[in-house]
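A short worksheet on the structure shown next.
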Amino acid sequence: MSERFKYREDREAHNAARVRALEALLIKKGIITDRTVDTVLEYFETKMGPFNGAKIVARAWVDPDFKRRLIEDTPKAIAELDLPDGMAGAEGEHMRAVANAPGIHNLIICTLCSCYPWPVLGLPPYWYKDPTFRSRAAREPRAVLAEFGLPISEEVEVKVWDSSAQIRWFVVPERPAGTESLSEMELEALVTPEAMMGVAVAKAA
Ligand code: FE
């Protein structure tokens, strides 16, 4: 990815150093405490992350009625499941699911900035916020998907969904072939964040 979007080699170390400096400054100024950043990170590691999205998608795969409800009213359908408190907050109230199907592939982006369905996918990867990715994905989604290793055949329509403060999209990928005998929990393990963003598909293990 780094060569694709031309990031500096030491991007991770560079950003980590900037974050540490910024955190230290905010603590010094009394704006946050020395626990604040850890608390937020812990929240997105344990409560709000792609593990929630994987549960939702796996349920949609095994229950077509749930899938229909999920597409019709995403927050309402998600509320049926036993997921952490707060799914309706942290932008969860604006979530909408779109389903891949034979002949239709969906891709989510945010052309303006980085809008993303935090409760089901966690925090967005850095490339999602990259200006090059954002503009190219809108202009030439097939070329970008091919660079992600996902060439889409001409017969398949590619739909690009632009997230905003009002709507935060995520993709229900297609259930992989050959997974008929898997349990719902085993299916969850096949659902990646990338598949729920539409830059990959779900694959049988
Ligand atoms: Fe945004």
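The values are calculated or read from the model by the stated rules, or taken from the named source; none is laboratory data. Treat the numbers as computed from the prediction; the structure is a model and nothing was measured. Cβ: placed from backbone, ideal geometry, glycine included. Neighbour counts: every protein chain shown. Protein only, heavy atoms only, side chains kept; ligands, DNA and RNA dropped before computing areas. Shrake-Rupley method; radii C 1.70, N 1.55, O 1.52, S 1.80 Å.
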statement: Site S181, offset 7 angstrom along Cα→Cβ, radius 20 Å on amide nitrogen, limited to segment 49-67, gives 62
- line: Judged on accessible area alone, 1.4 Å probe, highest first, R142, R18, R168 line up as R18, R142, R168
- prompt: Summing Lys, Arg as +1 and Asp, Glu as -1, what charge do residues with Cβ under 13 Å from the Cβ of G49 carry, G49 excluded?
  reply: -1
task: Using amide H atoms built 1.01 Å from N in the peptide plane, name the residues 5+ places from I104, or on other chains, whose amide H lies under 5 Å from its own.
output: E157
query: Once the piece of chain linking L41 and T111 is laid out straight, how much longer is it, given 0.36 nm per residue of separation minus the C-alpha distance between them?
result: 22.7 nm
statement: Ranking P125, N52, L107 by how far each Cα lies towards the positive end of the charge dipole of the chain (+1 on Lys and Arg Cβ, -1 on Asp and Glu Cβ), the top one is P125
field: Amide H within-cut-off set for A97, under 5 Å, with H built and near neighbours excluded
entry: T74, F170
task: Using only protein heavy atoms and a 1.4 Å probe, report how much of K203 is accessible, in Å² to the nearest 10.
output: 140
- prompt: With all protein chains present, how much of the accessible area of the chain (probe radius 1.4 Å) comes from carbon and sulfur, to the nearest whole percent?
  reply: 56
query: Say the dipole of the chain comes from +1 at the beta carbon of Lys and Arg and -1 at that of Asp and Glu; which of F148, V98, W61 then lies farthest toward its positive end?
result: F148
Diffusion coefficient, µm² s⁻¹, Stokes-Einstein with Kirkwood Rh over alpha-carbon pairs of the chain at 4 °C and 1.567 mPa s: 71
query: So what are the ³J(HN,Hα) numbers for segment 33-47, from phi and the Karplus equation (6.51, -1.76, 1.60; θ = phi - 60°), rounded to whole Hz, Gly and Pro as x?
result: 9, 6, 9, 4, 5, 4, 4, 5, 4, 4, 4, 7, 8, 10, 10
Percent antiparallel among DSSP beta bridges (both partners in the chain, rounded to 5): 10
- prompt: Could you give the accessible area per residue of the chain, probe 1.4 Å, as a whole number in Å²?
  reply: 55
- prompt: Using the alpha-carbon centroid of each, what span in Å lies between segment 51-75 and segment 164-184?
  reply: 8
message: So, taking all protein chains as they sit and a 1.4 Å probe, how much accessible area belongs to R59, in Å² rounded to tens?
response: 80
- request: Roll a 1.4 Å probe over the protein heavy atoms and report the accessible area of E180 in Å², nearest 10.
  value: 140
- line: Under the Karplus relation with 6.51, -1.76 and 1.60 and θ = phi - 60°, whole-Hz ³J(HN,Hα) for segment 154-160, x at Gly and Pro, equal 4, 6, 8, 7, 9, 10, 9
